[in-house]
Amino acid sequence: MSSNFESELSDATKVSLFKFTKRSDFINIIPGVIFSAISALATPAQTILYGRIFTKLSTYYIGDYNTFHDFIKAVGIYCWMIIVVGAAKSILTFFSVLFWMRNGETHQRRVRRQIFAKIIIQDNIEWVENFKNVNGEINQLNRCIEELRTGNAEVLGLMTSGVVGAVALFIVAMVFSWSVTLVVLALTPFFALSSWFTGKLAYRFANKENIYSAKSSKIINWCILNAPIPRVFNGKIIEILNFRKLVNQCSTFNYKYENVVTLNMGILRVLSLLMFVQAFWFGNTMIRLRKLNVNEVFTAFSACLMLAESVSSITELIGEIYRAQAANGRLVEFLNLHNSTEPDQHKMSPTWCNGSIEIKKVSFKYTNKKEFAIRDLNLNIKSNEFNFIIGKSGSGKSTISQLIMAFYKPDAGQILIDGLDVRTIDKRWISKNITLVSSNPIIFDHSLKDNLAMSVLDEYDSLDSIPHGIITEVCDFALLSKLIQRIGGVDQPISNSSVSGGEKQRISIARAKLRDTPILIIDEGLSALDQKNRITLLNSIRQWREGKTTIFITHQLDQIFPNDVVFIIQDGATKNQGYMRELSEEPLIKRTAIRTHSFSSGSSDESQDYSDSELKDDSVRVSQIKEYNYLKNPFVLKDVEALKIGANEKIYSLGKILLYYIKTANSKSLALLGLFFAAVHAVSNPIFSYIFSRLLENMIDISIGVDRSSRLRVWSTYAIACAIVNGATYFLANFLLAVSSEKWINMLRKRSLTKINDQDMSFFHEEGHKPVFLNALLMNDTRDLRTMVSKFLAVSISLTFLVLLGCIFALVLGWRLALTGIAFAFIIIVVSVVYATVLRKFETSYKDRVNDLETINFELVNGMKTVHSLNLKSFFELQFNLKSSALGRAASKRALHTGFCLAIKELLMAVATGVILYYGMRLVGDTMYRRLQFLQVITLLLMTFTAAGSLLNELPDITRGQRCATHIINLLKLPDSKVETEGTEKPAEVYKDSILQFSNIRFGYTPTKQVLKNVSFNIKEEDIFAIIGESGSGKSTITNLIMRLYGNYEGSIKLNGTEISQVNVEFLREYISIVPQNPVFFEGTIYDNLTYGLSKESLINSNVDEYLKTCNIFSFTNSLPDGLQSDIGSLTENSLISTGQLQRLAMARALIRQPKVLILDECTSNLDTQNFNIFKELILKANQEMGVTVIIVSHDTELYSIATKSINLSNGTIVN
C-alpha cells in the first residue's frame, strides 16, 4: 500500500502550468496566441500613432503647416487610424478571449474527467478507506481545477498578449531610439529579481493554503453528512473550535501570499515610474543636443512606458501562474497516487456463471489491524442453494462477502468461482454476476426509478428505455408501495438522507431483483425491517431465488430452514458447516434457538408465528410505512417560512452585498485604511498625469529651442516622489484590502458553520443544503467573494477618485474637451453596469453546472462499494458525460459574453481616445486651448478612460463573488433553530418519580402527514421502557423529540417536570445518551471517538477501558496496532470494524458519559446471540446497579421481556 494513502496529500511538487496540455489543445492555443499576439501589436501601433500626432503638433508650432486646415486634416487621419486599430483590436480581443477560455475549459474538463476516472477505476476499496480526508481533498481538488482553468485561460491569454506586446514595444522603442530604450531597461534586472523571489514564496503560501483548506473541508463534511452526531454528543463546540483553527491557518497563509504578491507589484510600480523619469530626462537631453527629435523620443519613451506597464502586468500574472502551478502540483500528486486496480484486458470473462463458490485456505488481514480477520478459511458454497453464514460479531462474516466481491485481495489461499480464481476474472464480470446487498446500502441523489434502473443500465440503451413495468414489479416485490406513495411516484427524487434504514434495504433488494444475478449475497440486508416485513420479504426472496446461489450473512437464525446450508464462522475460520438440520447441537445454534423461539412466540401483533403456508401467501405481505432513523438523516420538509439557499435564488446586487460587508465586516479599520491608501493612490495618478503633462510641455519647448533644464529637474524630482508614493500606496491599499476581505470571509466561514450547526435536522434536506454545495460554498466560493470585495473596493475607490478628480480638474483646466471626455467615461461606466447584469447570469449558470459535476465524484467516493457491487460505472459515466456537456454549454455562453464584454471595452477606449485627441488638437490648433492646457486635460481624460475600462476587466471576478455572497448572506439570515439554541433550565432532580413525560404529542415531518398523534406516556426513574411498533409507526420519532433534534410539535414533553424546550440543550444531551441503530464514527482515533464531546471533568472521571470490557469490545481494541489510538471511521463505508463491533463501541461511547437516561434505538439488530445476551445483561446492570433509566426501541421481542413498562405504537398512535 502506497504511503500516500496513509495520510492526507502532502505539500505539492511544483509542476509546469502545461502539465495537462495535450496536442489537441493547439486547436485553441494556436488561434489564441495568434489573436492575442496581433491584438497586442495594436498597443505599439497606437503608440506610434500617438507619437505622430504629437510630432504634428510640434511641427505645427514651428510653422511647417501652411494652414490650420492642413494641420487638423493630418491629425484627423491619425486619429481615425487609432479608432480603426482599436476596432480591429476589439475584434481580435473577442476571438482571443473566446479561444483562451475554451482552452481553460478544455483543461478543466479534462482534469475533472481524469479525477473521475481515477476514482471510478479503483477496484480495491482500501484505496478510499486508507485515504484520509478523501472528501476534503476532493473538495480542495475542485478548487485547484478552477485555478488550473484560470491559469490556462484568462491568465495565459493575458500573459501571451503581455509578452508579445512587450516584445513589440521593445522593438518599436529600439527602432525609434535604442539609447533611450537601453536607459529605460537598465532597471530590468531588479524587476526579474523581485518577481523571482516573491513568486517562489507565493507558490509556497498558495500550496499551504490549499492544504489547510482541505482539512477545513473535512470538518464541514462531518458536520453535514453526520449532522446528528455533533448534536446528540455535544460535539458542536469541538467542531467549531477545530474549524476555527484550520480556517485561521488558511487565512494566515493567504495573508502571506497577498503580502508578497502586492509588495512585488508595489516595487514594480515604483521601478517602472522611475524608469519613466530616467528615460524622460535622458530623452530631453538628447533632444537638447539635437541627437534625437520629439517623434523619436516621444515614441520610444511611450513605448518604454507601456513596456514597463506590460512587464508590471506580466509580473502580476506570474503570481496567478504560481497559484495555478500550486494547484497543478496538488492535482498531479492525486492523479499519481498508486492505483488499486489491475489491468483487466488479460483476465477472463466466462460466458456462464453456475454459481459455485469455493474458498480454500484463505487468510486476510486489513491494513490497519495486527491480527488476521480471516485465517485458513475453507468454505464450499453450494450452487443453486440457500447458504447461510453465521457467527458472532467480528468473526469475519462480512469480510467473506468483501473478498468474494474482490474488494480486497486475500493474503493467502484462493477464492474460486465456478473453479476459477477471482484474481484471474475480470472484475466487471464479477459485479455483473454477483449482487451484494449490505446492511446499510447507499441511495444516490436521483429519482427512485433511476436508483433502481441504474443497476441494469448496461443492458439497455438508456435509462428511459428501461420498461416502467419492470420497475413497478420490483417495487411491489420489495414492499416499496408506501414509500412511492409518500414521495409522490417513482420519478420523484430521493437521497441517502431522505429514506429510512428499512427503506434503503428494500430499495437495495429491489435493485437485486432487477439485476437477478446468478449469485446473490445478502449481508444483514434485512436487519432494519420489522418482523412482518422481514418474514414477508424473506419468503418472496426464497421463491424468487429457487435454484440460484443465494448467500445470507446473518445473526437471525429464524431465517434458516432445515434444508439450508449453514457455515459457522469463529475467529475467522470455519468452525462447522452442513445443513441446518445436522447442526442443531452446535452451541451457537443452541444458544440462538431460545432467542429464536421467543422471537417467534411473542404476544405482539407484529411477532406472530407464521406457518409455511402463510409465509407463501402474498396476503402476509405488509407494505412498510416510513421508518425514521435519525442518524441517517430522514426525509424532512418543514413548513417554515425561512429563506432557502439554492440554485434558483435571485443574485444580490453589488450595492446590497457591499452594505452587508459594511455592516458585518470585522476589520473595518483595515478596510478604511486600505481605502484611504487606495484614495491616495488614485490621487497620485492625476498628480502624476499633471507632472507628465509638464514634462511633455518641457520636451516640446526644448524641441523648439527653449531651455527648460531647471524646470525639467524640478518636475523630474516631483515625478520621483510621486512614483514612490504611487508604489507604496498601491501595496498598502491592495494588501490591507486583501487582509480585510480575508478576515471577513474567515468570519463568514466560521459563522456559516455555526449557523449550520444551530439548525435542526430538517435543514439538511432542502435542495440547496447538500454537502457538496455547502462545502464548496464555504471553502471554495468564498475565495471568489474575497477577490470580489478586495478588487471591487480597490477599483471602485480608484475609479471614483480618478473620475471625480480627473473630470473636475479637466473641467477647471478646459471644460470643452472635458465635457466630451466625461460623456465617454459615462458611457463606459453605464456599459459596465449593464453588462455586469448580463454576465452575472452566465457566471451563475456556469458555477451551478460546475457544482452539478462535482457532486458526481462526491457520490462515487461515498458509495464506492455500492458502485462496484452493482456495476454502476456505466451509470456514473453517463451522468458525468451529461453534466460535463452541460458545463461545456454553459462555459461556451460564458466565454462568448466575456469576450464581447472585453471587446466592447477596447472599442469604446479607442473611439474615446481618437475623438478626444482629434477634438483636443482642434482646440489647441485653433488657439482656444494653450499647449499646456491641452496636455493637462488630455492626460487626465485618458487616465480616466483607463480607470473606467479597468472596471470591465474585473467584471467576471465580481460576478462570481456576487453568487457566493448571495448564498452566504441567505444562509446567515436563517433563524437559529430553537431546539438547538434555547433553554436554560438544568432539572437534575427527578420530579415526582417521573423522569420523562409525553402529553398529547402531535408531530409530523410534513404539514400534511402526522407521524405522532396524541401520544401520551410517562417514564419513571429506573424504568426499562420499551417502545414497540412496526416500521414507520413513530418509534424513532419519539427518540428524536427527546433528544431535541426536532421541534414544532404540539403538546408537552417534560424532563423531570420541566418543559424540554426550556431545558439547556447541552445539559439534556449529557443527561440522556443514545446508542443508534447505525453507529457513526468520525475519522480519528477510537479514544477520541469514545470521548467525543465530553468535558474535561467528565474525561477525568471516565474509565474507558472498564467500559470497553463491560461492552465486550476491549479485546478487539487491544488487538489493534495502536490500541485506543488506532484510527477508526471515515465518511465512507468502513470495513476495518464489523457492524456488531461498531454497535458495541457505540454502547461504550454512551455509557462513558454516565447518563441518567439511555436510549437504545434498534442497537441489537446486528449482534450475534452471545453479544446480544451481553447487551441484555448490560442493560439490566445499567438499570439496576447504575440507576440508569433505559428506553428500548426495537423489533426484537426478546428485549421486551426485560422491560418494566412498554407501549405499542401503530400509525403514530398508542394501541396498547
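Report the charge-dipole magnitude of region 978-1214 in Debye, nearest 20, computed about the Cα centre from +1 at each Lys and Arg Cβ and -1 at each Asp and Glu Cβ. Each step should come with its number before you reach the end.
On the way: 20 positive and 28 negative charges, 133 e Å.
Dipole about the Cα centre, nearest 20: 640 debye.
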Can you tell me the orientation of helix 236-288 relative to the chain, as the angle in degrees between its alpha-carbon axis and the longest Cα principal axis, to the nearest 10?
10
Dimensions in Å of region 725-846 - Rg and Dmax from alpha carbons:
20.7, 67
Test of understanding: ordering 834, 180 by Cβ neighbours within 10 Å, fewest first, what list do you get?
834, 180
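Explain nothing, just the number: dipole magnitude of region 220-280 about its Cα centre with +1 on each Lys and Arg Cβ and -1 on each Asp and Glu Cβ, in debye rounded to the nearest 20. Can you show the working numbers first?
Numbers: 6 positive and 2 negative charges, 37 e Å.
The calculated dipole for region 220-280 is roughly 180 debye.
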Taking just the alpha-carbon atoms of the chain, what radius of gyration and Dmax come out, in angstrom?
36.7, 126
For the chain, what relative contact order do you get, as a whole percent, if you take Cα pairs closer than 8 Å and at least 6 residues apart?
15
Could you tell me the distance between the Cα centroids of region 492-533 and region 735-798, to the nearest Å?
39
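I need 1169, 399, 424 ordered by Cβ neighbour count within 10 Å, fewest first.
424, 1169, 399
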Built amide H within the under 5 Å cut-off of residue 575, gap 5+
568, 569, 570
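Based only on other Cβ atoms within 10 Å, what is the fewest-to-most ordering of 495, 349? Numbers along the way, then the final one.
Numbers: 495 17, 349 13.
By the 10 Å Cβ count, ascending: 349, 495.
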What relative contact order, as a whole-number percentage, does region 978-1214 give when Cα pairs under 8 Å and 6 or more residues apart are counted?
31
Could you work out how far the C-alpha centroid of region 875-899 sits from that of region 211-281, in angstrom?
30
Please compute the Cα-Cα pair-distance distribution of region 978-1214 with 5 Å bins starting at 0, giving whole percents from short to long.
1, 6, 14, 18, 19, 17, 13, 8, 3, 1, 0
Given the pairs 218/770; 482/865; 361/575; 382/409; 118/200, which are separated by over 19 angstrom at their Cα positions?
482/865; 382/409; 118/200
What distance in nm separates the simple spin-label points at residue 886 and residue 416, each placed 7 Å from Cα in the Cβ direction?
4.9
For helix 1139-1152, what angle does its Cα long axis make with the longest principal axis of the chain, in degrees from 0 to 90 and rounded to 10?
80
How large are Rg and Dmax for region 508-594 when only the alpha carbon atoms are used, in Å?
13.6, 38
Just how far, in whole angstrom, is region 318-337 from region 379-405 if you go by their alpha carbon centroids?
45
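How much of the DSSP bridge set in region 978-1214 is antiparallel, in percent, rounded to the nearest 5? Show your work: numbers first, answer last.
Working: 19 of 38 bridges.
The answer is about 50 percent antiparallel.
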If you restrict to DSSP beta bridges whose two residues both lie in the chain, what percentage is antiparallel, to the nearest 5?
50
So how tilted is helix 68-120 from the main axis of the chain? Cα-based, degrees 0 to 90, rounded to 10.
20
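Each reported figure results from applying straightforward, stated rules to the coordinates on display, with no laboratory input. Every value quoted in this text rests on a predicted model; they were computed, and no experiment measured them. Cβ: placed from backbone, ideal geometry, glycine included. Neighbour counts: every protein chain shown.
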